[in-house]
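One structure below.
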Amino acid sequence: MTASIGRVVVLLGAPGAGKGTQAQILSEKLGLAHVATGDLFRAAVRDETPLGVTAKGYMDRGELVPDAVTIEMLLERLAKPDAEKGILLDGFPRNTAQAEVLDKALADKGGRVDVAPYIEVPEADLVGRLGGRWICRAAGHPYHEQTKPPVTPGICDADGSELYQRTDDQPATVQARLQQQLGALDLVVDYYRTKGVLKVVDGRQGIDLVTGDLLAALAPANG
Ligand code: ADP
Ligand code: AMP
């Protein structure tokens, strides 16, 4: 970890709830480092690093990567200098063991989770969100066939890179991910509710309205 750590925001939501979409907007607006464990794992898989080789099997089955591996990767990422400006976590923690390790690591540096906004989307909507998702090769910018199509089909509006569909967004893996990950998410939501930092946002709204609600939840007076 860096010597000091800025504001820490934990963005919660089921797979497909819109965390990545919102994290990219909010991190830019608020000047926070966007730390997405799914993106870190996908980069490791692409680069065929030992971490990527380990993670790939779990990701392909829609399971969580084991905590030891995930936590080590996250702590290494938080040690980078840009964490000093504050971080927006997307996809971590995914279970209460990870939440506890995060609290301890932050406390060691005099920090804490300031606010945990939860983008709530009914399970029935998640399948369509994930099935229609396309992301860009360069930076993982998310698009959707119906709700957020790119201006030019197959090309990222933001950086011009190619769009592709994640292998774990295939219907069978989507079912496995939801079945295996939603229970743990509920427990993480309860964890932050008990800590008094949870803010629930209605994720069924359009992207801009969700952004507005998140910005209100993150306003200093609320964080
Ligand atoms: P997560 O990071 O939580 O898995 P994403 O941000 O990748 O979710 O969003 C999942 C899919 O849903 C993407 O295709 C994205 O374009 C789309 N999406 C995100 N937010 C909304 C929204 N508020 N309404 C409709 N579609 C959305
Ligand atoms: P995501 O991009 O957040 O949907 O994550 C894609 C996949 O990466 C997940 O289905 C898990 O296999 C793995 N993953 C991402 N974040 C975590 C985490 N915090 N703990 C365990 N596995 C994770």
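Can you list which of the DSSP-assigned H helices in the chain have a Cα extent of 27 Å or more along the long axis and an average Kyte-Doolittle score of at least -1.0?
171-195
Pick out, in residue order, every one of the GluC sites (Glu not before Pro) in region 1-85 that is DSSP loop and has at most 11 other C-beta atoms within 10 Å; say none if there are none.
Here the GluC sites (Glu not before Pro) that fit, given the DSSP loop and packing criteria, are Glu48.
Before I look further, what does region 71-223 give for accessible area per residue, probe 1.4 Å, in whole square angstrom?
Using a 1.4 Å probe on heavy atoms only, each residue of region 71-223 averages 51 Å².
Within the chain, how many lysine pairs that are 8 or more places apart, or on different chains, have C-alpha atoms less than 24 Å apart?
Lysine pairs, 8 or more places apart or on different chains, close enough: 21.
In deg cm²/dmol, rounded to 500, what helix-only [θ] at 222 nm does the chain give when every DSSP H run of at least 4 residues adds -39500 (n - 2.57) and the total is split over its residues?
Numbers: 8 runs with 105 residues, N = 223.
Result for the chain, helices only: -15000 deg cm²/dmol.
Quote the relative contact order of the chain in percent (integer), defining contacts as alpha-carbon pairs under 8 Å separated by 6+ residues. Walk me through the numbers before you get to the answer.
Numbers: 352 pairs, mean separation 67.3, N = 223.
It rounds to 30 percent for the chain.
Report relative contact order for region 1-116 in percent, whole number only (criteria: Cα-Cα under 8 Å, sequence separation at least 6).
That works out to 50 percent.
State the Cα centre-to-centre distance between region 136-161 and region 92-135 in whole Å.
24 Å
Positive end of the dipole of the chain, charges at C-beta (+1 Lys, Arg; -1 Asp, Glu), about the Cα centre: which of Pro50, Tyr164, Val113 has its Cα farthest in that direction?
Among Pro50, Tyr164, Val113, the one farthest towards the positive end of the dipole of the chain is Val113.
The values are calculated or read from the model by the stated rules, or taken from the named source; none is laboratory data. This one's a predicted model, so the numbers in the text were calculated from it and none came from an experiment. No Cβ is skipped: glycine too gets one built from the backbone with ideal geometry, and neighbour counts run over all protein chains shown. For accessibility, only protein heavy atoms count, side chains too; no ligands or nucleic acids. Shrake-Rupley method; radii C 1.70, N 1.55, O 1.52, S 1.80 Å.
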